[in-house]
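The values are calculated or read from the model by the stated rules, or taken from the named source; none is laboratory data. Please read all numbers here as calculations on a predicted model, not as lab measurements. Note: ideal-geometry Cβ built from the backbone for every residue, glycine included; neighbour counts use all protein chains shown. Remember, those area values only see protein heavy atoms, side chains included, never the ligands or the DNA or RNA. Shrake-Rupley method; radii C 1.70, N 1.55, O 1.52, S 1.80 Å.
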Amino acid sequence: MQADKWLQPRDNGLYCIAADYYIDPTSEVANALITHGHADHAMGGHHNVVATVPTIAIMQTRYGEEMAQTVQALDYGASIKLGDPDDPVSCTFYPAGHILGSAQILLSYRGTRVVISGDYKRQPDPTCSPFEAIDCDVFITEATFALPVFKHPPIEQECEKLLHSLALFPERCHLVGVYALGKCQRMILGLRSLGYHQPIYLHGAQRRLCDLYQDHGIDLGQLTDVADVSDKSELAGQIVLAPPSALSDRWSRSLPEVRKAMASGWMQIRARAHQRQVELPLVVSDHCDWQALLTTINEINPGEVWITHGREDALLHQLTTQGVKARALSLIGYDEDATD
Amino acid sequence: MDAFSQLLQQLYFTSSNNEKSRLLRYYLANTADPDRGWAIAALAGTLKFEFFKRNAVKNLMLERVDPDLFAMSYDYVGEMSETVAHLWPDTTSNIELPGLADLIDQFRQANREQVKALLVHYLSGMTAEQRWSLLKLGTRGLRVGLSARSVKRILAEYGQVPVSEIETLWHALSPPYRELFDWLEGRADKPDITGAVTFHPVMLSHPLPDNSAERLTVSDWQVEYKYDGIRVQLVVTEQGKALYSRTGDDISESFPDVLSGVDECGVIDGELLIIHDGEIDSFNALQQRLNRKKPAKKLITQKPAGMVVYDLLTDGNQDITALSLTERRQRLEYWLSRAEARHLQLSPLLPVSNNKQLQQAYTDAAADPGVEGLMLKRKDSSYQPGRPSGQWFKWKREAQHLDAVIMYAQRGHGKRSSFYSDFTFGVWHDNTLLPIGKAYSGFTDEELKKLDNWVRRNAVGRFGPVREVKKELVVEVAFDAIHPSSRHKSGVALRFPRFHRIRWDKPASEADTLTNAKALIIT
Ligand SMILES: [Zn+2]
Ligand SMILES: [Zn+2]
């Protein structure tokens, strides 16, 4: 049966009519399938949640053990049946390569296969399983960085920049704005892979999720809370990771001669970096850049592409020009700045 | 070129002035002549030619990318050079780049077709950051948060000399500034510029703080009109003569009538105006002469330009900037009597001896359409380039206000390039809105974000970079004056319009009419 008959955008998000499940709903609903733990995809308060084990753990860390009334863990590759047992929707999770636990969701109903990819990327990331291309009739893609100006460099190159700056300005505390979930841990591993084994200092907001990653077997090396450093002058020439909002708030004033950096895909655009008064923009993204989006869609070669979450118009234009059937899903509630 | 590009990136993202100075001094110390001199020229805005036009860059880009994708990218990035820097197809191997001076030379010597080939060659072999640097350099659009004045200050720090010495020399020197570096690095004497026809940096005034007029000791101050013209500097030496704008642009060709018949040596500070046989015409009349590279004889006869002169920096060959204003004034009067030029008039001193008379002079000036208010200058002030505090004040007529409706919006530049920050507004006439001006200041950063958001949600059309918006938002605009103008469809032109208040609450239908606006014209 044609996908748009049983899977539709609603006010609360994408809704599977045949299963009575929402995917990444933006307000509280009865049944939710969650692709990954970022706040604009995973919220607390749903009745029943299906997600991967790490995603459930992330949600519980953020929203408490009671984040939903019932939770059901689903491993990559495993399937469950949803909706009417006599006319079920089959649901399978596959890795999305975005952050720890991130999943693409394959829904298959009466012979039609739809992949909801959530957020995803193709660059290597040691904190999560790599994206898998799944054969499908409809591929639903994000479009966060869907403009040809976006080109994400390898993370090593950006970590190199940070280390270079550290060598150039050894008296300055390098305060790096990173989102607490995913980007933070990936940056740490990026630095470690370049042989940086000093303690990395954390703003309080980064701690719980770093611990969670370590609990899932990802070794982040020595991490120290800034709060535990009594003499802040010791942070000269050190790396401090903090949420982007902390870059300009009073918290950072206790640090010695702060040099502000930020790791985000948006940092490629000068005005964006300027707005945040960032002196050292690091282009690090957990999404696909333009070329990766096109490559992925080519590789999957689905019957149809639905586009959401960002700059739908450019990708829609490109796919249409290439002769790929595509439409923009106008889902509301996703905040492009909330995660990247 | 790579070192220069790296310098630009670092300067661009550094906010502290000390840090910027450190970066630039490091570059100067580690870069040879003539590259570093050209870098200074690029940063200080003395690189006086374009390598290529923005449009040529755009066309080359459009040969390589889908036009719709280009438009969407440009709209998002908000700035052409950066859009092209990111969009240009990457090649696998980056090429060896020439030094900055070499690169400038290559572009300078190339004809139009060769320029294109050069541009393609370099863009294709460069990183995105280098591309951005080249495009900014080549279109003279370099803005890395470093003013020409800061560049001079840093040069002074570099050579450990007073910045005033650099200021005085500056306009007599040209890129790549070898003799300047020779002096700054102690290998040669200070360059000798006696008699050179060159711009001298001007002294500027501060707005008079509110309610401070009654507390002034009037006898300490020289009181003159503030003229509604263009500040200029007339330079006459044995080697020649020239007329400069207050930023140092040579505008001699546009105003040959100001220069003609003046042979008495000196550097004269004054106001450019249209003067018919001693009678000063309006700013609107002057506007017809502005931006005319070579005015026709007829226009010169109809709108003869002259100067109201108010200060003298050099008398003959002698620098008199260290003298007091009162002494300079005497010298000026004597200079003018020698010059015998009818189109040069002395700015009269207003006979004001107490605070009451000062207040009366201000009230009279406010009612006079020919002037903008008063100038108050300390009689003992020496002539100091820049804007020294407490020396000169302008006391302008109170701003006027109109409630106007936003009609079009455009993105700003530099830091504001991702925001809609330039607004065209209009007033009602026969049930339609007629544009009467443009404003891009007067709002806070917070308000700018709200305005930007409003534009995005209320755009109804697009003409290139310009967005037409729903005619729903009223702003109270403030401006210094309103004049009749034949060049605008509305028949009026505003002086220095800016936002005063955004009236989110006010329905557009209640905005002012053209009749209201015309009623504010002082005649
Ligand atoms: Zn995400
Ligand atoms: Zn997302």
Residue list for the stretch A:21-34, restricted to those being within 16 Å of ligand 2 (Cβ to nearest atom) and not in a loop (DSSP other than H, G, I, E, B): A:Tyr22, A:Ile23, A:Ala32, A:Leu33
Qualifying residues in the stretch B:1-31 (those that are under 15 Å from B:Leu180 (Cβ atoms) and not in a loop (DSSP other than H, G, I, E, B)) - the one farthest from the other protein chains (Cβ to nearest Cβ): B:Leu28
Residue count for the stretch A:35-71, restricted to those that are more than 14 Å from ligand 1 (Cβ to nearest atom), assigned to a helix (DSSP H, G or I) and among the hydrophobic types (A, V, I, L, M, F, W, C): 3
Meets criteria (among the aliphatic types (A, V, I, L, M), at pLDDT below 95, away from ligand 2 (no atom under 16 Å from the Cβ) and touching an Asp or Glu at 6+ places or on another chain (Cβ under 8 Å)) for A:Ala271: yes
Of all residues making up the stretch A:288-323, the number that are under 25 Å from A:Tyr15 (Cβ atoms), within 11 Å of chain B (Cβ to nearest Cβ) and without any contact (Cβ under 8 Å) to a residue 60 or more places away in the chain: 2
Pair list, Cβ < 6 Å and 6+ apart or interchain, from the stretch A:150-166 residues that are in contact (Cβ under 8 Å) with a residue 24 or more places away in the chain to residues that are in a loop (DSSP other than H, G, I, E, B) and open to solvent by 20 Å² or more (accessible area, probe 1.4 Å): A:Phe150/A:Asp289; A:Lys151/A:Asp289; A:His152/A:Asp289; A:Cys159/A:Leu194
Any hit, the stretch B:156-164, residues being open to solvent by less than 20 Å² (accessible area, probe 1.4 Å), away from chain A (no Cβ under 14 Å) and in contact with a helix residue (DSSP H, G or I) (Cβ under 9 Å, 6 or more places away or on another chain): yes
Single residue of the stretch B:494-509 satisfying the filter (modelled with pLDDT under 90 and open to solvent by less than 50 Å² (accessible area, probe 1.4 Å)) that is farthest from the chain's Cα centre (by Cα): B:Lys506
Selection from the stretch B:331-362 of residues that are farther than 22 Å from B:Cys265 by Cβ and open to solvent by 70 Å² or more (accessible area, probe 1.4 Å): B:Leu349, B:Pro351, B:Ser353, B:Lys356, B:Gln357, B:Gln359, B:Gln360
Yes/no for B:Asp228 being modelled with pLDDT under 90, open to solvent by 20 Å² or more (accessible area, probe 1.4 Å) and within 23 Å of B:Ile522 (Cβ to Cβ): no
Test: residue in the stretch B:363-376 that is in a helix (DSSP H, G or I), free of Cβ contacts under 8 Å to residues at least 12 places away in the same chain and surrounded by 13 or more Cβ atoms within 10 Å (Cβ to Cβ): yes
Residue ranges of helices (runs of 4 or more DSSP H) in the stretch B:32-125 with at least 3 members over 25 Å from A:His274 (Cβ atoms) and more than 14 Å from chain A (Cβ to nearest Cβ): B:35-44, B:54-62, B:100-109, B:112-125
Residue in the stretch B:425-439 that is assigned by TED's automatic domain parsing to the domain that holds B:Asp512, assigned to a helix (DSSP H, G or I) and of a type in the set (A, V, I, L, M, F, W, C) present: no
Selected residue [within 30 Å of A:Leu168 (Cβ to Cβ), in contact with a helix residue (DSSP H, G or I) (Cβ under 7 Å, 6 or more places away or on another chain), aliphatic (A, V, I, L, M) and within 16 Å of ligand 1 (Cβ to nearest atom)] from A:Ala263, A:Ala227, A:Ala246, A:Ala273: A:Ala263
Enumeration of residues in the stretch A:284-298 that are crowded, with 24+ Cβ neighbours inside 10 Å and more than 16 Å from ligand 1 (Cβ to nearest atom): A:Trp290
